[in-house]
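The values are calculated or read from the model by the stated rules, or taken from the named source; none is laboratory data. Fair warning: this is a prediction, and the values are worked out from it, not measured in the lab. Virtual Cβ from ideal backbone geometry, glycine too; neighbours counted across all protein chains shown. Surface areas here come from the heavy atoms of the whole protein model, side chains and all, with no ligands, DNA or RNA. Shrake-Rupley method; radii C 1.70, N 1.55, O 1.52, S 1.80 Å.
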Amino acid sequence: MSETRLIHGFHAITARLRRSPESFKDIHVAGERHDQRMRDLLKLADAAGVRVIATDAARLDGMVGGARHQGVVARVDSTERYLTLDDVMATLSGPALLLVLDGVTDPHNLGACLRVADAAGAHAVVAPKDRACGLNATAIKVASGAAETVPYLMVTNLARSLRALQEAGVWVVGAAGEAEKDIYAADQRGPLAWVLGAEGGGLRRLTRDTCDELARIPMVGSVESLNVSVAAGICLFETRRQRARSDG
């Protein structure tokens with residue numbers, strides 16, 4: 001029998017149901033939830049032949065250690081299928097929002113970035129294979145559940161992947177302290193990928209040159225740079241703010 005693990009939340013479970021339904025053992029759902037989002041999930045599970053179990057809230061909380069599960073927890077095969085950037089882009093229902101990390105090698109920083117990406121509703125975190133931290137136990141623990149909800153994609157050639165995003169209509173913005181424009185002046189309402197480098201080192205030259213534009217976080221204190229997860233939060237939530245104003 002294959003080993004299993006738990007995933008939770010509508011985004012993580014729906015995305016996996018679409019790409020790998022055969023990996024599911026069962027899905028536990030809150031019996032009192034009957035809204036459209038739950039109905040859509042149940043329809044998808046039924047079409048995939050996945051068993052659904054009505055479960056009370058206390059047990060759901062216990063299954064995920066009190067994490068915010070939204071009333072859905074699934075048991076899946078612990079063997080992950082390879083997920084590509086194309087897979088993520090194919091499942092989007094709105095403008096893309098991606099976080100690209102160039103040179104982030106600290107698992108604590110990666111975990112914090114995943115957590116921020118989840119909170120801001122980013123669709124994926126992307127990093128190069130040659131200069132990045134893998135999704136190890138430390139990163140997963142720091143992410144506090146976000147490692148299950150936000151795909152972490154490691155690509156062979158970061159510049160090539162950024163160009164592929166540009167060809168797909170995604171505007172690529174690099175965060176750089178020397179940029180003339182600040183992040184509040186950059187238009188972030190359309191499909192967007194934020195590219196951030198490690199604290200101190202910043203973006204590599206080829207990565208920087210591939211971006212459509214650069215933008216800086218205004219700094220008025222004495223420190224010269226921010227931790228990458230803090231910077232990611234500022235950038236991603238500015239995107240959410242601009243999109244919310246646009247929708248309103």
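Fully extending the segment from Asp35 to Ala54, taken as 0.36 nm per residue of separation minus the present Cα-Cα distance, adds 5.4 nm.
Summarising the label geometry, the points placed 7 Å from Cα in the beta-carbon direction at Ser144 and Arg18 lie 2.7 nm from one another. Between Ala244 and Arg68, the simple spin-label model (points 7 angstrom out along Cα→Cβ) gives 1.3 nm.
Segment Glu224..Asp187, full-extension length gain: 10.9 nm, with 0.36 nm per residue of separation and the alpha-carbon distance subtracted.
The residues of the chain expose on average 50 square angstrom of accessible surface per residue, using a 1.4 Å probe on protein heavy atoms.
Mean-square fluctuations from a GNM of the chain, with a 10 angstrom spring cutoff on Cα atoms, peak among Glu22, Glu180, Glu213 at Glu180.
Relative to the longest principal axis of the Cα atoms of the chain, the long axis of helix 10-19 lies at roughly 80 degrees. Each other residue within a Cβ distance under 15 Å of Ala244 adds +1 if Lys or Arg and -1 if Asp or Glu, for a net charge of +2.
With 0.36 nm allotted per residue and the present C-alpha distance subtracted, the Asp46-Thr4 stretch has 13.1 nm of extension available. Residues considered: Lys25, Lys141, Lys43. Largest GNM mean-square fluctuation over the chain, using C-alpha springs under 10 Å, is found at Lys43. With all protein chains in place and a 1.4 Å probe, the accessible surface of the stretch 34-178 carries 50 percent carbon and sulfur. Other residues within the sphere of radius under 11 Å centred on the Cβ of Thr91, judged by their own Cβ, net out at +1 (K and R +1, D and E -1). Against the longest alpha carbon principal axis of the chain, how many degrees, from 0 to 90 and to the nearest 10, is the axis of helix 158-167 turned? Its long axis makes an angle of about 80 degrees. Measuring from centroid to centroid over Cα atoms, what is the spacing of the stretch 144-211 and the stretch 15-55 in Å? Spelled out, the Cα-based centre of one part sits 33 Å from the other. Please build a GNM for the chain, connecting alpha carbons under 10 Å apart, and tell me which residue among Val172, Val52, Val73 fluctuates the most. Looking only at Val172, Val52, Val73, the largest GNM fluctuation is found for Val52. Legend: calculated FRET efficiency, Thr91 to Glu213, from the Cβ-Cβ distance at R0 = 25 Å, rounded to 0.05, equals 0.40. Estimated from helices alone, the mean residue ellipticity of the chain at 222 nm is -11500 deg cm²/dmol (sum of -39500 (n - 2.57) over DSSP H runs with n ≥ 4, per residue).
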